[in-house]
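Chemist: Before I ask anything, let me first share the structure, which is written out below as C-alpha cells.
No value in this document is a laboratory result; all are computed from the given coordinates. Everything quoted here is computed from the prediction, not taken from an experiment. With ideal geometry, Cβ positions are generated from the backbone for all residues, glycine too; neighbour counts draw on all protein chains shown.
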Amino acid sequence: MKVNKIDHICIAVKNLEEARKVWEPILGKPQPDDPYVDEPEKIRVARYWLGEVGFELMESTSPDGDVAKFIERRGEGVMIISFNVDNTREAIDELTAKDYPFIGGARPFRDCEFAFIHPKAVNGVLLELIDYKWKEFKK
C-alpha cells in the first residue's frame, strides 16, 4: 500500500459555530472552503483547504453519533488522521492480511470510499484510509 499524502485531519467539537470562531482567525479564512453534512456518519463539517490537506471541524448531528461518543469519552480534540490512498478496498485487503483490524468495511463518501483502522492497532489513533481524488487542485 502506498500513502499518497495526509488527506485530512479531523477535530471533534461540541459546537461547530463556536469552534469556527476559534479556528478561522488562526487559519486566515472567513468561512469553510467546503461545509457539508454527512447524514450516514451523523456529522456536520466545516472543511478548510490548507495546501492540499483538509482540516476539518466536526460536530455530531446526533447524541448517539461517533463524534458525540468520542467527545464524551475523551473531550474535544483531534479525532481522525486520514491518509490518501489510491484504492481504499485494496488497502483494506492488504492491511487485513497483515492483521490490522478495521472498524466495519469501506464506506461511501462523494465519489470515493473510506475505512477506519481500529485505534488499538495504531497507537490510539483513529486512522482513516480514503481514496478521495482531490479534484479541487487539478487544473
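Chemist: Considering only 59, 128, 41, give the residue with the highest GNM mean-square fluctuation for the chain, with springs between Cα atoms whenever their separation is below 10 Å.
Modeler: 41
Chemist: Still on this structure: Determine the calculated [θ] at 222 nm for the chain from helices alone, applying -39500 (n - 2.57) to every DSSP H run no shorter than 4 residues and normalising by the residue count; nearest 500 deg cm²/dmol.
Modeler: -6500 deg cm²/dmol
Chemist: Counting other beta carbons within 10 Å of each Cβ, put 67, 122, 45 in order, fewest first.
Modeler: Exposure proxy ranking, most exposed first: 122, 45, 67.
Chemist: I would also like to ask the following. For the chain, what is the percent of antiparallel DSSP beta bridges, rounded to the nearest 5?
Modeler: 75 percent
Chemist: If R0 is 30 Å, what FRET efficiency do you get for residue 99 and residue 34 from their C-beta distance, rounded to 0.05?
Modeler: It comes out at approximately 0.30.
Chemist: Let me ask something else. Over the chain, calculate the relative contact order: mean separation of alpha carbon pairs under 8 Å at least 6 apart, over the residue count, as a percent.
Modeler: Relative contact order, the chain: 25 percent.
Chemist: Same structure again: Check the range 3-137 and count each lysine pair with an alpha-carbon distance under 18 angstrom, considering only pairs eight or more places apart or from different chains.
Modeler: Step by step, the pairs that qualify in the range 3-137 add up to 8.
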